[in-house]
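Asker: After the structure tokens below, expect a handful of questions from me.
Taken together, the values in this text are just the output of simple stated rules run on the coordinates, not laboratory data. Just so you know, these numbers come straight off a predicted model, no measurement behind them. All Cβ positions, glycine included, derive from the backbone under ideal geometry; neighbour counts span all protein chains shown.
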Amino acid sequence: MPRPKPKVRIGMIQAAEEIRFRCDKPFRLMTLDGQEQGTGRADVEYRVEKIESTPAHIRWAVRLAIRETEEEARQFQAEEKLQTKLWRQGLTLPLNHQLIDNREYWIVTGPFATHDQAQDFCRSYEPAGEAVVVKEIVSPAAGVLRCGDQRFVAGLRIEPQDPTAILSLADVTVGIEFHWQHKRTQQLPGCLEIRFNTSGALLAINELDIESYLVSVNSSEMTAENPMELLKAQTVAARSTILATMGKHHYDEPFHLCSDDHCQCYHGIANVSSASQQAAAATEGETLLFNNRVCDARYAKICGGVMEDYEHVWDQRRIPYLVSGVDGEAPIAADLREESDAKAYIDSTPDVYCNTLKYKISSSLPYNTRELFRWRVTFTREQLEALIKSKLGEDFGKLVDLEPGERGRSGRLKWLDVIGSHKTIRVGKELAIRRILSESHLYSACFYIERDRAESGTVLRFHLIGAGWGHGVGLCQVGATVMAQQGFTYRRILQHYYRNSTLQKLY
């Protein structure tokens, strides 16, 4: 008898005034508490419209740290001078006579009267980038919406009568905040739920079993033309990631993960192929664990040669399976915390798996990897000044210089000082740095700075010379692709990137 598979809830549209969908088979219109309120016809477009809504009542707080156990959290509280409280975030998932428990403790301070006040506190807190604004939902959003001639309080579910039915959801945004952002219609298995987000806008959630989800993720994150062992490794990493992060990445909304780069790319059935199905079937239920907890198996496009420690990119805690190391077998330097070492490494082309100047990627990838192993971006001083001001929302005066701060072992900056004529602003961590130095996101925070100066010493142009694309923690998708091309199994690939983890079949 087949083991039951967990259900997952994926946020497809996170804010809209109306949502359009159709189904290729008849379906039932259900209330959120499971009552049938109507039916729908096959191959007819339906619109769900907001009639009225009230936003959630939110209080703003600031998260100072995350700890796995209550004992560790209490210890942080005892050492922190601020008044704090504990939130327990995450969920438990009963699974085949065992309990998957991904819950953790957030140490938070507040509340703050406004989001801006909470954000100001974060910018003053040291170390830079450690404090994060979070929402405390006092009361959820409420409202009434309409689908056809039916009205629904709080939300509705579209449940196909045939489990093989496919739902078409219009205007799903793909590549949010990246230069390729666009909207498309996604074809989805499972059922669709439409309800209100915390702001009172409509959101659309695709609910489906985890393996149907993963068949899409493994070929949405990569492509179905990638080597089979790479697709298997990507599937295991994605399965581990969703089980480890359900209830945490989107703690304030009624879905587990979103469908875009913020969580994991999920494009419905568009990219599903026999290869992606084979990769999911061959690894069904296989999950990475460490100390009997599911691993948060982070991954990024191309590490640039050295993977980064989790603690240097996100909250300051050591994750034993997300540690720095060389993306290859050659005995080369793997500690780039010194500015001179980082610069020398970025200027080199080391023998590592993700060196696409050395290794040709034979499979089809949705980006040009040759330009991402090493890269260079140039701004005039005026361009960069305007860009940073627009991103920070602060007037620091004239941009005088950028001063790199501490680096992680991969050479990625943990913080960066923006030196203005009025004041200096410290920006951290990795993602915040990348956001202020690009209209979307700078390729990575592993870069050094060169300057063209006028005779007076004023900077005319900034040149950012860097390595890699993404945060560099965990699996390097390009490096893993090369490993698969060289004949490594998915198990060996996973051991390389998640070095202290074990592989276990959970269902």
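Asker: Return the FRET efficiency for the residue pair Gln98, Thr69: r is the Cβ-Cβ distance, R0 is 30 Å, and the value is rounded to the nearest 0.05.
Answerer: 0.95
Asker: Trypsin sites (Lys or Arg not before Pro), restricted to segment 42-106: which are DSSP loop and have at most 11 other Cβ atoms within 10 Å?
Answerer: Within segment 42-106, the qualifying trypsin sites (Lys or Arg not before Pro) (loop, at most 11 other Cβ atoms within 10 Å) are Lys81.
Asker: Magnitude of the Cβ-charge dipole of segment 57-139, K/R +1 and D/E -1, about the Cα centre, nearest 20 debye?
Answerer: Computed about the Cα centre, the dipole is about 280 debye.
Asker: Calculate one ³J(HN,Hα) per residue across segment 463-476 by plugging θ = phi - 60° into the Karplus curve 6.51 cos²θ - 1.76 cosθ + 1.60, and present them in order as whole Hz with x for glycine and proline.
Answerer: Each residue of segment 463-476 in turn: 10, 9, 10, x, 9, x, 9, x, 6, x, 9, x, 5, 8 Hz.
Asker: Follow-up. Please list, ordered by chain and number, the residues whose modelled amide H lies under 5 Å from the amide H of Glu406; skip anything fewer than 5 residues away on the same chain.
Answerer: Lys414, Trp415
Asker: Test of understanding: extend the Cα→C-beta vector of Asp162 to 7 Å, then name every residue of segment 39-64 with backbone N under 11 Å from that spot.
Answerer: Answer for segment 39-64: 42-43.
Asker: So who's got an amide H within less than 5 Å of the one on Gly38, skipping anything under 5 residues away but keeping other chains? H placed 1.01 Å off N, in plane.
Answerer: Placed amide hydrogens put Leu29 under 5 Å from Gly38.
Asker: Along Cα→Cβ, 7 Å out, is where each label goes; now give me the distance between the ones at Arg146 and Gln316 in nm to one decimal.
Answerer: Between Arg146 and Gln316, the label points sit 5.4 nm apart.
Asker: Sticking with this one: Give me the one-decimal nm value for the distance between modelled label points at Leu32 and Glu17, 7 Å along each residue's Cα-to-Cβ direction.
Answerer: According to this spin-label approximation, the distance is 2.3 nm.
Asker: Lys/Arg Cβ at +1, Asp/Glu Cβ at -1, dipole of the chain taken about the Cα centre: which of Ser421, Cys446, Ala300 is farthest positive-ward?
Answerer: Of the options given, the answer is Ala300.
Asker: I would also like to ask the following. Pairs Lys7/Lys301; Lys135/Lys389; Lys81/Lys248; Lys232/Lys414; Lys50/Lys183; Lys232/Lys358: which are spaced more than 29 Å apart, C-alpha to C-alpha?
Answerer: Lys232/Lys414
Asker: Report the relative contact order of segment 57-139, percent, no decimals, based on alpha-carbon pairs under 8 angstrom and at least 6 residues apart.
Answerer: 47 percent
Asker: Any chance you could run the full-extension gain for Ile137 through Arg88? It's 0.36 nm times the residue separation minus the Cα-Cα distance, nm to one decimal.
Answerer: Gain on stretching Ile137 to Arg88: 16.3 nm.
Asker: By counting other Cβ atoms within 10 Å of each Cβ, how are Val478, Val138, Val313 ranked from fewest to most?
Answerer: Ascending Cβ contact count within 10 Å gives the list Val138, Val313, Val478.
Asker: Continuing with the same structure: So how do Ser219, Ser410 line up by other beta-carbon neighbours within 10 Å, fewest first?
Answerer: Ser219, Ser410
Asker: Show me the GluC sites (Glu not before Pro) within segment 33-96 that DSSP assigns to loop and that have at most 16 other Cβ atoms within 10 Å of their Cβ.
Answerer: Glu45, Glu68, Glu80
Asker: Here's something else I'd like to know. Indicate the helices, whole DSSP H runs only, in the chain that combine a mean Kyte-Doolittle hydropathy of 0.5 or more with a Cα extent along their long axis of 20 angstrom or more.
Answerer: Once both thresholds are applied, what remains is 228-245.
Asker: On to the next question. Work out how much length Arg59 to His262 would gain on full extension: take 0.36 nm times their residue separation and subtract the Cα-Cα distance, in nm to one decimal.
Answerer: So the chain would gain 70.7 nm between Arg59 and His262.
Asker: What length, rounded to one decimal in nm, is gained on full extension from Ile51 through to Arg337, with 0.36 nm per residue of separation minus their alpha-carbon distance?
Answerer: 97.5 nm is the gain from fully extending Ile51 to Arg337.
Asker: Follow-up question, since we're still on this one. Segment 400-507: which GluC sites (Glu not before Pro) are DSSP loop and have at most 12 other beta-carbon atoms within 10 angstrom?
Answerer: Glu439, Glu455
Asker: Rounded to the nearest 0.05, what FRET efficiency do Arg451 and Thr114 have when you use their Cβ-Cβ distance and R0 = 51 Å?
Answerer: Here the calculated transfer efficiency is 0.85.
Asker: Related question: How much net charge surrounds Ala170 when only the other residues with a Cβ under 11 Å from the Cβ of Ala170 are counted, with Lys and Arg +1 and Asp and Glu -1?
Answerer: Residues close to Ala170 contribute a combined charge of +2.
Asker: Please list, by residue number, everything in segment 1-33 whose backbone N is under 19 Å from a paramagnetic label point 7 Å out along Cα→Cβ of Val44.
Answerer: Those under the cut-off are 19-31.
Asker: Using a 10 Å cut-off around each Cβ, can you sort Met30, Met222, Met228 from fewest to most neighbouring Cβ atoms?
Answerer: Exposure proxy ranking, most exposed first: Met228, Met30, Met222.
Asker: Relative to the Cα centre, what is the charge dipole magnitude of the chain, using +1 at the beta carbon of each Lys and Arg, -1 at the beta carbon of each Asp and Glu, and rounding to the nearest 20 debye?
Answerer: It works out to roughly 400 debye.
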